[in-house]
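The block underneath contains the structure these notes are about, expressed in structure tokens.
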Amino acid sequence: MNYLVLDLEWNQPMDPGAPQLQGLRTTLNGEIIQIGAVALNENSQITGTYTWLVRPTFLWQMHYHVRSLTGLTIQKVKKGILFPEANRQLSALCGPDTLILTWGPDDIHILRQNLLLHDLEDWVGEWCDLQLVYARQMGEKGQTSLQSAMEALHIQADRPAHDALNDAWFTALVAQKLDLKLGQKQYREYAQRQKEKKQAQAKRRQKYPLSGETGAGYAHRGDAFQDPRLGRMRCPDCKHPLKQTSWFKLDKRRFVALGVCPKHGRFIGQIRLIRSQQENKWRGKRSIYAASPEKLAQFEAVRQKRTTRQPRVKKGG
């Protein structure tokens, strides 16, 4: 097993709502402007160093925080190569027996986002978060900064930080102090636990409501659907109005509708109405669920079986 320690520097948008950032294949959290890599052999010996300045494609204004941290300016990165070429050279260093090492998960997330933005193949195979491995093997809790790890391992910071190659070099020196074979096994176990945790969370999201609203004092049942709090659904994640269907009758007291968010996908809304005998008024509760296959099938069955005797409630959005 060979290793490639990877570190990235990326620019951040000054205005996420800028016109040039609209209509992209994914949200741009950071555009890569510098790549640093250090190759290690199976004995953790350094066998090569690599660095690239990357010419921007989307962001032509350097965020002040990035400029202050890295010392990079637009004038400097303009002299770099375009990301597709930098990516080609970087991916050529990673064979089937190469394990990518990073300090924290952010570099891999940003790399994959940039690959998607440029419509390039995601070549990133197995990788390992050395920050987590360091914590496991050193008995640390929480996240440890690279600088703190270097100090604990008595590694001298003899070159400026926040340069992609320098930070990759420092990370490689930390890697030499760790058991990388054990670290790979530890990270695999951690990644599997995280996967199982996300799967369990997804099941809970399908079973329980993601959001809910209540309303009362309606003289007529149809008034509940005209109340924006109940009749008009919003995305549980971003709170933007959903593009939704009409409300269809599920049974005597329940109605369902399908809502779509361009960013977060489909949701199923359900309104339950109860008549108060004392007040002679209607009250309702609206819940929004993840659009699980079961709930989607239920909604489609209700929509298809609707007859002219089943009143069609006016669309809520």
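Values in this text are rule-based calculations from the coordinates and carry no lab data. This is a predicted model, so every value here is computed, not measured. Because the Cβ atoms are built from the backbone with ideal geometry, glycine has one as well, and the counts that use them run over all protein chains shown.
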The chain: angle of helix 180-207 to the longest principal axis, Cα-based, in degrees nearest 10: 10
FRET efficiency, Asp237 to Trp123 (Cβ-Cβ, R0 30 Å, nearest 0.05): 0.50
In Hz, Karplus ³J(HN,Hα) per residue of segment 92-100 (6.51, -1.76, 1.60; θ = phi - 60°; x = Gly, Pro): 5, 7, 9, x, x, 9, 9, 9, 7
Table column - 3J(HN,Hα) (Hz), segment 52-67, Karplus curve with 6.51, -1.76, 1.60, x for Gly and Pro: 9, 8, 10, 6, x, 10, 10, 10, 10, 10, 6, 4, 4, 5, 5, 4
For Gly104, residues with placed amide H under 5 Å, excluding near neighbours: Leu130, Gln131, Leu132
Cα gyration tensor category, rounded, prolate or oblate, for segment 1-134 with a/c compared to 1.5: prolate
Net +/- balance of residues flanking Val5 in space, Cβ distance below 11 Å, scoring K and R +1, D and E -1: -3
Antiparallel bridges, percent of DSSP beta bridges restricted to segment 1-112 (to nearest 5): 75
Segment 118-185: C-alpha gyration tensor shape, a/c 1.5 cut-off, then a/b vs b/c: oblate
Proxy reagent accessibility, fewest Cβ within 10 Å first, across Ile74, Ile268, Ile33, Ile274: Ile274, Ile74, Ile268, Ile33
For Arg266, distant residues with modelled amide H under 5 Å away: Cys261
Point-charge dipole on Cβ atoms (K/R +1, D/E -1) for segment 227-292, about Cα centre, debye to 20: 120
Under 24 Å from the Cα of Lys281 - lysines, other chains or at least 8 residues apart: Lys249, Lys252, Lys314, Lys315
Ser145-Ser292 FRET efficiency (beta carbon distance; Förster radius 45 Å; 0.05 resolution): 0.65
Rh by Kirkwood over Cα pairs, then Stokes-Einstein D for segment 171-309 at 1.002 mPa s and 20 °C, µm²/s: 120
Summed residue charge, Cβ within 12 Å of Ala135's Cβ, Lys/Arg positive, Asp/Glu negative: 0
Whole-Hz ³J(HN,Hα) from phi, Karplus 6.51 cos²θ - 1.76 cosθ + 1.60, for segment 129-139, glycine and proline x: 8, 5, 4, 6, 4, 4, 4, 5, 7, 9, x
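If you rank His220, His264 by fewest surrounding Cβ atoms within 10 Å, what's the result?
Placing the least packed residue first, the sequence is His220, His264.
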Percent of Cα-Cα distances greater than 37 Å, calculated over the chain: 40
Fraction of antiparallel bridges per DSSP, the chain only, in percent to nearest 5: 85
Cys235, Cys128 arranged by Cβ crowding within 10 Å, fewest neighbours leading: Cys235, Cys128
CD proxy at 222 nm, helix term only [per DSSP H run n ≥ 4: -39500 (n - 2.57); per residue of the chain; nearest 500]: -10500 deg cm²/dmol
Under 29 Å from the Cα of Lys198 - lysines, other chains or at least 8 residues apart: Lys141, Lys181, Lys185, Lys207, Lys239, Lys243, Lys263, Lys285, Lys295
